[in-house]
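Here is the structure we will look at.
The values are calculated or read from the model by the stated rules, or taken from the named source; none is laboratory data. Computed from a prediction, not measured in an experiment: that's the story for all the values here. Virtual Cβ from ideal backbone geometry, glycine too; neighbours counted across all protein chains shown.
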Amino acid sequence: MKHAITTISTLAILALTVPAFAHFQMIYTPESALNKGGKIPLAIVFTHPFEAGHTMEMGTPEQFFVTRSRGENTPKKTDLLSSLKPIKWTSLTNSGAAYETEYSARGGDHIFCLVPAPYYEAEEDAYIQQSTKMIVNVGGEPGAWMEPVGLDCEIVPLCKPYDRWTGNVFQGKVLFKEKPVAGAEIEIEFMNHKPLLGQKAFAKDASAVAPQAAFVLQTIFADDNGVFTFGIPKAGWWGFAALGLDPEGSFKGKECSRDAVIWIQAKDMK
Amino acid sequence: MPLPEWHAGPVLQIYKEKKMKLKLSVLIFTAMVLGFFLTPAVQAHTPLCSCYDNGDGSVTCEGGFSDGSSAAGVQMRVEDGAGKVLIQGKMDDDSEFTFDKPPGNYKVAFDAGEGHDITVHGKEITE
């Protein structure tokens with residue numbers, strides 16, 4: 001009896017002390033600053049990137065498109081939803097429904113945008129929907145990387161998301177329906193396990209060790225103008241998620257956290 | 001209120017000088033503005049030109065500059081292996097130039113003036 005109580009209380013404590021990992025919608029490609037155009041692979045995974053942890057089951061996305069712009073040309077939008085192929089993505093703890101595709105990139109900025117299906121989180125009895133952007137540049141010719149693409153929940157970069165050295169800052173502006181969100185809460189995670197596209201899985205090896213759970217998921221707030229600043233300590237992909245931007249966010253009669261995510265890739269000066 | 005006569009002279013003088021200075025600065029400013037538009041290559045930017053095989057017998061070259069400025073109007077030449085000019089044209093309003101892919105060896109020249117020219121060899125042009 002005593003044994004059973006000990007087991008139950010241990011389990012209860014374990015359940016209560018699971019670190020607060022953040023959900024992150026990923027749009028991944030290995031390289032954000034390409035010298036030459038060509039076919040690039042894209043993987044779309046809803047996961048916990050720092051730990052390569054639990055990967056959620058994605059439903060059919062609502063939107064997936066790219067806007068391409070070069071120099072002063074007007075950005076052109078291409079729908080990519082029908083190009084998505086369902087895959088199983090393997091994390092270090094499970095596997096979940098995800099998507100992959102290929103895209104033929106030419107010169108300039110390509111802003112990949114995803115509005116996923118709202119995800120039901122049973123533990124919170126609520127939904128999460130993370131509108132996500134990832135920007136690829138080909139050849140160094142800038143386009144409209146700094147312009148909003150018009151998503152309801154959107155982070156607009158104030159620095160080129162593909163030209164950051166390690167140690168630079170990254171600044172972004174959080175928008176809900178095109179208006180800045182004062183004091184928005186932003187969670188930040190480092191893509192700590194390399195995505196292996198061939199194996200549709202995360203690499204087992206981590207590149208950084210968190211000394212404590214708080215470092216897995218960093219938290220900052222935007223200022224009164226919805227602008228946030230983050231110093232980049234390490235080369236690689238960094239995800240920023242501005243949480244709960246729609247005060248009335250709901251889906252199927254339940255609460256829905258409508259978030260905006262952006263990914264940036266920093267490089268070491270060598 | 002009219003100025004006293006003893007005052008009018010110097011004031012008028014200063015006014016005239018100011019007007020002269022103003023005229024001069026307007027001239028300098030105008031020259032600068034004109035210069036800016038007439039010499040598009042004065043900024044710290046690198047010319048960029050990439051060409052892609054469209055897979056339908058045509059090739060599209062996309063030009064630009066690393067600071068995002070337009071390459072509209074830049075001279076384009078397609079030459080054969082011996083350097084003979086096969087096609088001559090200009091970058092369009094979207095800084096693009098499309099041409100029918102010539103048989104054999106060829107190269108494309110993007111010519112935005114001295115120090116701003118790029119040559120792309122046909123064998124490097126893929127889909």
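How many residues are within 14 Å of another protein chain (Cβ to nearest Cβ) and among the small types (Gly, Ala, Ser) when one looks only at the range B:91-120?
Qualifying residue count for the region: 2.
Quick check on this structure: which one of A:141, A:178, A:147 is surrounded by fewer than 15 Cβ atoms within 10 Å (Cβ to Cβ), within 14 Å of chain B (Cβ to nearest Cβ) and of a type in the set (Asp, Glu)?
On the way: A:141 fails: surrounded by fewer than 15 Cβ atoms within 10 Å (Cβ to Cβ); A:178 fails: within 14 Å of chain B (Cβ to nearest Cβ).
The conditions single out A:147.
Give me a count of the residues in the range B:69-124 that are over 19 Å from residue B:46 (Cα atoms), polar (S, T, N, Q) and touching a Lys or Arg at 6+ places or on another chain (Cβ under 7 Å).
1
Do we find a residue being assigned to a strand (DSSP E or B) and hydroxyl-bearing (Ser, Thr, Tyr) anywhere in the range A:196-217?
Applying the first criterion (assigned to a strand (DSSP E or B)) to the range A:196-217 yields A:196, A:201-202.
Those still in the list that are hydroxyl-bearing (Ser, Thr, Tyr) too: none.
No, that holds for no residue.
Could you tell me whether any residue of the range A:112-120 is in contact (Cβ under 8 Å) with a residue 60 or more places away in the chain, farther than 30 Å from residue A:250 by Cβ and either more than 14 Å from chain B (Cβ to nearest Cβ) or surrounded by fewer than 16 Cβ atoms within 10 Å (Cβ to Cβ) (or both)?
Looking for residues that are in contact (Cβ under 8 Å) with a residue 60 or more places away in the chain, farther than 30 Å from residue A:250 by Cβ and either more than 14 Å from chain B (Cβ to nearest Cβ) or surrounded by fewer than 16 Cβ atoms within 10 Å (Cβ to Cβ) (or both), one finds none in the range A:112-120, hence no.
Can you find, within the range B:55-70, the residue that is farthest from the other protein chains (Cβ to nearest Cβ) among those that are of a type in the set (Gly, Ala, Ser) and either free of Cβ contacts under 8 Å to residues at least 24 places away in the same chain or surrounded by 20 or more Cβ atoms within 10 Å (Cβ to Cβ) (or both)? Write out each step before concluding.
Initially, the range B:55-70 is screened for residues of a type in the set (Gly, Ala, Ser), giving B:55, B:57-58, B:63-64, B:66, B:68-70.
After this cut, where a residue has to be either free of Cβ contacts under 8 Å to residues at least 24 places away in the same chain or surrounded by 20 or more Cβ atoms within 10 Å (Cβ to Cβ) (or both) as well, the list is B:63-64, B:66, B:68.
Details: B:63: 9, B:64: 4, B:66: 5, B:68: 4 Å.
It comes out as B:63.
Looking only at the range A:229-270, count every residue that is touching a Leu at 6+ places or on another chain (Cβ under 6 Å) and among the acidic types (Asp, Glu) and tell me the total.
Of the residues in the range A:229-270, 1 are touching a Leu at 6+ places or on another chain (Cβ under 6 Å) and among the acidic types (Asp, Glu).
Taking residue A:38, is it surrounded by 20 or more Cβ atoms within 10 Å (Cβ to Cβ), modelled with pLDDT under 95 and within 14 Å of another protein chain (Cβ to nearest Cβ)?
Values: surrounded by 20 or more Cβ atoms within 10 Å (Cβ to Cβ): no; modelled with pLDDT under 95: yes; within 14 Å of another protein chain (Cβ to nearest Cβ): yes.
No.
For residue B:111, state whether it is at pLDDT below 95 and in contact with a Phe, Trp or Tyr (Cβ under 7 Å, 6 or more places away or on another chain). Walk me through it before giving the result.
Numbers: at pLDDT below 95: yes; in contact with a Phe, Trp or Tyr (Cβ under 7 Å, 6 or more places away or on another chain): no.
For residue B:111, the condition - at pLDDT below 95 and in contact with a Phe, Trp or Tyr (Cβ under 7 Å, 6 or more places away or on another chain) - is not met.
I want to confirm something. Restricting to the range A:45-67 and keeping residues that are of a type in the set (S, T, N, Q) and out of contact with any helix residue (DSSP H, G or I) (no Cβ under 7 Å at 6 or more places or on another chain), which single residue is nearest to residue A:81 (Cα to Cα)? Working first, answer last.
First pass over the range A:45-67, keeping only residues of a type in the set (S, T, N, Q): A:47, A:55, A:60, A:63, A:67.
From what's left, out of contact with any helix residue (DSSP H, G or I) (no Cβ under 7 Å at 6 or more places or on another chain): A:47, A:55, A:60, A:67.
Working: A:47: 20, A:55: 21, A:60: 9, A:67: 13 Å.
Looking at residues that are of a type in the set (S, T, N, Q) and out of contact with any helix residue (DSSP H, G or I) (no Cβ under 7 Å at 6 or more places or on another chain), I get A:60.
Quick test of your reading of the structure: residue A:237 fulfils all but one of (1) in contact (Cβ under 8 Å) with a residue 40 or more places away in the chain; (2) in a loop (DSSP other than H, G, I, E, B); (3) under 19 Å from the mean Cα position of the chain (by Cα); (4) more than 18 Å from residue A:185 (Cα to Cα). Name the failing condition by number.
Failing condition for residue A:237: (2).
Residue check, residue B:52 against (1) within 14 Å of another protein chain (Cβ to nearest Cβ); (2) part of a loop (DSSP other than H, G, I, E, B), all met but one. Which one?
Looking at each condition in turn, residue B:52 falls short on (2).
Report yes if some residue within the range B:81-90 is part of a loop (DSSP other than H, G, I, E, B), away from chain A (no Cβ under 12 Å), in contact with an Asp or Glu (Cβ under 8 Å, 6 or more places away or on another chain) and loosely packed, with under 15 Cβ neighbours inside 10 Å; otherwise report no. Let's see the steps before the verdict.
Going residue by residue through the range B:81-90, those that are part of a loop (DSSP other than H, G, I, E, B) are B:81-84.
If we keep only those that are away from chain A (no Cβ under 12 Å) too, we end up with B:81-84.
Next cut, in contact with an Asp or Glu (Cβ under 8 Å, 6 or more places away or on another chain) only: none.
No, every residue in the range B:81-90 fails to be part of a loop (DSSP other than H, G, I, E, B), away from chain A (no Cβ under 12 Å), in contact with an Asp or Glu (Cβ under 8 Å, 6 or more places away or on another chain) and loosely packed, with under 15 Cβ neighbours inside 10 Å.
Find the residue count for the range A:72-96, including only residues that are part of a loop (DSSP other than H, G, I, E, B) and within 15 Å of residue A:45 (Cα to Cα). Outline the logic, then answer.
At the first step, the residues of the range A:72-96 found to be part of a loop (DSSP other than H, G, I, E, B) are A:72-75, A:80, A:84, A:91-94.
Within this subset, residues satisfying the condition of being within 15 Å of residue A:45 (Cα to Cα) are A:84, A:91-94.
Looking only at that region, the number is 5.
Out of all the residues in the range A:127-173, which are under 27 Å from residue B:120 (Cα atoms) and acidic (Asp, Glu)?
Of everything in the range A:127-173, those that are under 27 Å from residue B:120 (Cα atoms) and acidic (Asp, Glu) turn out to be A:141, A:163.
Can you confirm whether the range A:193-202 contains a residue that is of a type outside the set (Asp, Glu), at pLDDT 95 or above, more than 21 Å from residue A:115 (Cβ to Cβ) and touching a His at 6+ places or on another chain (Cβ under 8 Å)?
Yes, the conditions are met somewhere in the range A:193-202.
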